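Q: A single structure is presented below for examination.
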Amino acid sequence: MAHPLTRRRAFLKLLGAALLLRLLAGAPAARAAEPWFSSEQMQVDLRFLIRTLQEVHPALAKLEQRAAFEAKAQEALQGLPPFMSRGDFAFVAARVLQALPDPDAHTMMGYSSDGLVLSVRFRWTSDGLVVVQAEPDAPLRTGDAVVRMGGFTPPRLLEQLRPFIPAENDGWIRARGESLIHRVFVLRNLGAVAEDGSVEVVVRRPAATAADEPSEPGATPAPEVEEEISIRLVGSAALAALTPEEPQRPWFGWRIEPEHSLGLFWLDRCEDTPGYRSAVDAFFEAVHSSGVQKVAIDVRRNGGGNSAVMDAFLKYVPADAVRTYGGEIRFSAQADEQRGYTLVTRLAHWFSRLGSQTVRTPRPPRPELTFAGDLYVLTSEHTFSSAVWIATVLSDNGLATVVGEPTGGAPSGYGDILSFTLPESGLRFTVSHKRWIRPNPERDPANSLVPDHLVPTTVEDIRLQRDPQLEWVRAAGI
């Protein structure tokens, strides 16, 4: 005969299964297709997440830090519903990351989408939220300024996203939010989806002209009107089919604008490849032969990668040595496994970890290739991680003028992520295991690198397809 406790457990499992079937029966088809997990499974995952953070993250290296973090993080285990979909559970897990004592945008959850989206892309500007891509003949149009979405104004949307997007500043919440707020699993958790599965969007747009065409640059802006539009959710394939907001381009490249005495090099991700280094060499050869007096390095679309990309530019600056980043490693069994650290590694780091460092810069093949003109770095809220390093090293050493918007990442902070998977839900997450210190720590604390010349992008810039940062550099020195 079965033990009474065994029978009770069997009964609870049966009851739970019945409850889950009832929940799924009343759920929309897209949500029912998602994996669902019990409160017991979610607790296993959350405890794994908490323990991993305690063992790996540099901000939790001390016992008192770990104790304070755990007390705060344990709140996520309280009040869990009997069952939850994976997409919804990702938002619960994300709240644990907010318990870290210091902000860290590199330590984050990977969200699980159920595939439904609004077939539109948005961009946050200095004065609002604007549509930058929409289907032809769709009710939303490129250039529409969002007044409310799902009942939320753009500032309120930002506040709603804050608990779910680890960030060192609001700029990064906006940048990350752009890639999330058209996805239904995010809108659903924000409470922006109506009962019929649609999203109500109120937009502000220029009143139609006689020719129904956008205004020309310099013209008096047309009066604006508000329109309320109900948007249906569609499959994610519709999003992939949208015409890109900006012309597609290779992830690195350059051009010379002799009419502006300008050489422009863009770098949209940090990959230290032979092709990239050859392109930088060819660029500075062209800068020298053309005689232009300004160079701009554009990292406005760059979300980071390998910080070694910086050496290709340092080769051509008029400095034989520069101060660069210093840092500390939080060693752990997980870091040893994923990075291959040894006892020798730990000893070597112990003697070299304090503060920023001075390093020799590589030199160009010919001395005349050293660029002695005006060097600029273009930044935005999408400038993150190693891209922030490029701008910070050049700025902290007085080698470049930063133009644009504050960066999405802080000049000093955490990084070099390790990757993990929650055992029950399969959700992936990353944890920083290093703390980086900028070349000039006297400029800290700073939650972003603030440009020397703040040049924001506005809704009107989007409507007129204007590049205000590049226009500023083109006009500089004239």
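Q: Which residues, counting only those in the range 226-268, are part of a strand (DSSP E or B) and free of Cβ contacts under 8 Å to residues at least 12 places away in the same chain?
A: Scanning the range 226-268 gives a single hit, ARG255.
Q: Just checking, which of PRO139, PRO155 is touching a residue at least 60 places away in the same chain (Cβ under 8 Å) and over 30 Å from GLU424 (Cα atoms)?
A: So the residue among PRO139, PRO155 that is touching a residue at least 60 places away in the same chain (Cβ under 8 Å) and over 30 Å from GLU424 (Cα atoms) is PRO139.
Q: Shifting gears a bit: Restricting to the range 236-276, name every residue that is at pLDDT 95 or above, over 21 Å from THR379 (Cα atoms) and either under 24 Å from the mean Cα position of the chain (by Cα) or of a type in the set (D, E, K, R) (or both).
A: GLU259, THR273
Q: Something else: If a residue counts only when it is at pLDDT 95 or above and at negative phi, which helices (runs of 4 or more DSSP H) contained entirely in the range 115-222 have at least 1 such residues?
A: Ranges flagged: 154-161, 170-178.
Q: Could you list, in sequence order, the residues of the range 161-179 that are buried (at least 18 other Cβ atoms within 10 Å of the Cβ) and more than 18 Å from THR457 (Cα to Cα)?
A: LEU161, PHE164, ILE165, PRO166, ALA167, GLU168
Q: Could I ask something else about it? Answer with yes or no whether PHE37 is modelled with pLDDT under 50 and of a type in the set (Phe, Trp, Tyr).
A: no
Q: Let me ask you something else. Considering only the range 253-268, state which residues are in contact with a Ser or Thr (Cβ under 9 Å, 6 or more places away or on another chain) and either aromatic (Phe, Trp, Tyr) or over 17 Å from VAL292 (Cα atoms) (or both).
A: Of everything in the range 253-268, nothing turns out to be in contact with a Ser or Thr (Cβ under 9 Å, 6 or more places away or on another chain) and either aromatic (Phe, Trp, Tyr) or over 17 Å from VAL292 (Cα atoms) (or both).
Q: While we're on this one: Can you list the strands (runs of 3 or more DSSP E) found entirely within the range 269-387 that contain at least 3 residues being surrounded by 17 or more Cβ atoms within 10 Å (Cβ to Cβ)?
A: Hits in the range 269-387: 294-298, 321-324, 326-329, 374-379.
Q: May I pose another question? Is it the case that ASP298 is in the same structural domain as ARG360 (by TED's automatic domain parsing), acidic (Asp, Glu) and under 15 Å from TRP389 (Cβ atoms)?
A: Considered against the rule, which asks whether it is in the same structural domain as ARG360 (by TED's automatic domain parsing), acidic (Asp, Glu) and under 15 Å from TRP389 (Cβ atoms), ASP298 comes out as no.
Q: Let me ask something else. Could you pull out the residue among VAL431, VAL450 that is outside the structural domain of ILE173 (by TED's automatic domain parsing), touching a Phe, Trp or Tyr at 6+ places or on another chain (Cβ under 9 Å) and either closer than 21 Å to ALA59 by Cα or not in a helix (DSSP H, G or I) (or both)?
A: VAL431
The values are calculated or read from the model by the stated rules, or taken from the named source; none is laboratory data. Keep in mind it's a predicted model, so treat the numbers as computed, not measured. Here Cβ is always computed from backbone atoms with ideal geometry, including for glycine, and neighbour counts include all displayed protein chains.
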